[in-house]
Amino acid sequence: MSAPSKIAAIRHAVSALHGAADDGADTRRYAEALQEAAQDIDALVQADEDYDQARDRWLHSPSDHESFEAAREAWGRRAIALARVKGGAE
């Protein structure tokens, strides 16, 4: 079982900041950047869960080539999502 996540608290804080972003262009820009980061984190978490499930299916049936390909594709999606969170290529 994984450790408790702070993502819900981050998303709540981002929403609160976004709602208060009427102070000016800079605040709005920061709030939008935080909202984008929160979405990227959500995508990473989902990609990681998808990879774990695909890997488990493959490990339970290692001779199944389709399961291997699905795990490999999920690994690639996870790598892309991680790069986005780190600020890398999209």
**Request:** Being of a type outside the set (Asp, Glu) and open to solvent by less than 60 Å² (accessible area, probe 1.4 Å) is the filter; apply it to region 44-66 and report the residue that is nearest to Leu82 (Cα to Cα).
**Result:** Leu44
**Hits in region 11-20 (condition: farther than 16 Å from Ile41 by Cβ and either among the basic types (Lys, Arg) or modelled with pLDDT of 70 or more (or both))** = Ala16
**Message:** Considering only region 21-32, I want to know if a residue exists there that is modelled with pLDDT under 80 and hydroxyl-bearing (Ser, Thr, Tyr).
**Reply:** yes
**Prompt:** Right, Ala89: modelled with pLDDT under 90, more than 16 Å from Ile10 (Cα to Cα) and either surrounded by fewer than 16 Cβ atoms within 10 Å (Cβ to Cβ) or aromatic (Phe, Trp, Tyr) (or both) or not?
**Reply:** yes
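The values are calculated or read from the model by the stated rules, or taken from the named source; none is laboratory data. What you see is a predicted model, and the numbers here were worked out from it, not measured in a lab. FYI the Cβ positions are ideal-geometry reconstructions off the backbone, even for glycines, and counts take in every protein chain you see. Heads up: the accessible areas ignore ligands, DNA and RNA and are worked out on the full protein's heavy atoms, side chains in. Shrake-Rupley method; radii C 1.70, N 1.55, O 1.52, S 1.80 Å.
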